[in-house]
Structures are given as C-alpha cells and as structure tokens.
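The values are calculated or read from the model by the stated rules, or taken from the named source; none is laboratory data. Keep in mind the model is a prediction, meaning the values are calculated, not measured. Positions of Cβ are generated from backbone atoms using ideal geometry, with glycine treated the same way; all protein chains shown enter the neighbour counts.
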Amino acid sequence: MDPKVMWMVAAVVIAMAVAGWFVWMRRRSEQLRERFGPEYDRTVHEVGDVRKAEASLAARAKRVEAFHIRPLNPDEADRYTAAWQRVQNQFVDDPGRATTEADKLVGEVMTARGYPVGEFDQRVEDISVDHPDVVMNYRAAREIALHHGEGRANTEDLRQAMVHYRALFRDLLSVTDVPATKEEPTHLTRGRS
C-alpha cells in the first residue's frame, strides 16, 4: 500500500477515534448531569474542574451500586412516619431537641434502606446518587444543627432545619406525602408553597 494512503487512513482512523471519544465524553456528561441534577453543578463548582468532578460523581455512583439499597416495607414506612410525627410534634416544646431527633431519624431510615453509616460527608455523597434533588436539604439541615450546637441558631433556623430534614425524609421513605396535617406544628408549615 502506498505510504500516503496509509497516512491518510491512519489520520482518518485517529480523527474518528478522537471524535468518538468526544461524543462519549459529552454523552457521559449529559448522563451525569441528568442523574445528579443540582448536585452535578455543586460538585463541578466545588471541585473547579469538570472532568475531575465527573470522575468523582461516577465514583459515587459506582460505590452506591455495590450497596444493597432497598425500599422500606409498608410496616417500616408506617413506623418511621409515626416517629416523624412525634419528632415534629416535639418541635413546639423543644425545637433544638426535635431537630437533633430529626437528624437521628433520617440516619435510621438511611440505615434501614441500606446506606452505610459513616462520616457525614460520605453519607451525603452516598445519598446524592439516589436523592440528588434533596441532598442539599440534608447539607443545609446539618449546617443549622451545627450552628445550634454552637448556640448560633434561633427557632426560625431550627424550623428551617426541620423542613430540610422532612424533604429528605419524604424522599427516603419514597412516600409522595408525609402528612402535613393538623398534627404538624404550624411553626413548620409557615412559608410552604
């Protein structure tokens, strides 16, 4: 074969490989953006490099795929919903304690579903894979809880933490509506749309 033709064929093959790689990377980015939603943007912003952020998100997804995440059975869901109502009712008399109990209850539900117990940052990353639209609620609630521990959170802050915990709690239970009825303190219903 003529050397010129060989070089042309090689150039075409290389160009096709490069184009294929770019298409694959774009498709991968789209899939990660779709799967992680707002968590994708937050991670890219935090890491400062799209490729490194995407590698981190892909690693999270792979890690969580190895878990045995399961839905709660109806009895478990009912028991946790009743426990949530008790915690929520406690808010009126002791907002700080109710917020602490809400954090614990969310942790219990995560454990029951099959998420491993670990450091907060690892739990957030694990939750972000299956619950990307509410993981920011978990971060915000935890931040408020830490401020409360330092004496820097008021009742309105704690109310907001409860709202954040409730959003994650609902998603973890896979219940479309954890009741927001007369049993829910009005302190927690203000400002809801």
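I'm checking my understanding of the structure. Among residues of the stretch 20-32 that are at pLDDT below 85 and either of a type in the set (A, V, I, L, M) or touching a His at 6+ places or on another chain (Cβ under 7 Å) (or both), which one is surrounded by the most Cβ atoms within 10 Å (Cβ to Cβ)?
Restricting to residues being at pLDDT below 85 and either of a type in the set (A, V, I, L, M) or touching a His at 6+ places or on another chain (Cβ under 7 Å) (or both), the top hit is Met25.
Within the stretch 30-39, is there a residue that is more than 30 Å from Asp103 (Cβ to Cβ) and more than 18 Å from the chain's Cα centre (by Cα)? Break it down into steps so the answer makes sense when it comes.
Initially, the stretch 30-39 is screened for residues more than 30 Å from Asp103 (Cβ to Cβ), giving 30-31.
If we keep only those that are more than 18 Å from the chain's Cα centre (by Cα) too, we end up with 30.
Scanning the stretch 30-39, I find at least one residue that is more than 30 Å from Asp103 (Cβ to Cβ) and more than 18 Å from the chain's Cα centre (by Cα), so the answer is yes.
Considering only the stretch 8-67, state which residues are among the small types (Gly, Ala, Ser) and farther than 14 Å from Ser128 by Cα. First the steps, then the outcome.
Looking only at the stretch 8-67, we keep the residues that are among the small types (Gly, Ala, Ser), and these are 10-11, 15, 17, 19-20, 29, 37, 48, 53, 55-56, 58-59, 61, 66.
Within the stretch 8-67, Ala10, Ala11, Ala15, Ala17, Ala19, Gly20, Ser29, Gly48, Ala55, Ala66 meet the criteria.
Which residues, counting only those in the stretch 58-83, are in contact with a Pro (Cβ under 9 Å, 6 or more places away or on another chain) and either without any contact (Cβ under 8 Å) to a residue 12 or more places away in the chain or in a helix (DSSP H, G or I) (or both)?
From the stretch 58-83, those in contact with a Pro (Cβ under 9 Å, 6 or more places away or on another chain) are 67, 77, 81; that's our starting set.
Those that are in contact with a Pro (Cβ under 9 Å, 6 or more places away or on another chain) and either without any contact (Cβ under 8 Å) to a residue 12 or more places away in the chain or in a helix (DSSP H, G or I) (or both): Ala77, Thr81.
Identify, from the list Phe36, Phe22, the residue that is hydrophobic (A, V, I, L, M, F, W, C) and touching a residue at least 60 places away in the same chain (Cβ under 8 Å). Spell out how you get there, then give the answer.
Numbers: Phe22 fails: touching a residue at least 60 places away in the same chain (Cβ under 8 Å).
Just one listed residue meets the conditions, Phe36.
Could you say which residue among Gly118, Gly48 is in the same structural domain as Glu156 (by TED's automatic domain parsing) and not aliphatic (A, V, I, L, M)? Talk me through it step by step, then tell me what you get.
Details: Gly48 fails: in the same structural domain as Glu156 (by TED's automatic domain parsing).
Being in the same structural domain as Glu156 (by TED's automatic domain parsing) and not aliphatic (A, V, I, L, M) holds for just one of Gly118, Gly48, which is Gly118.
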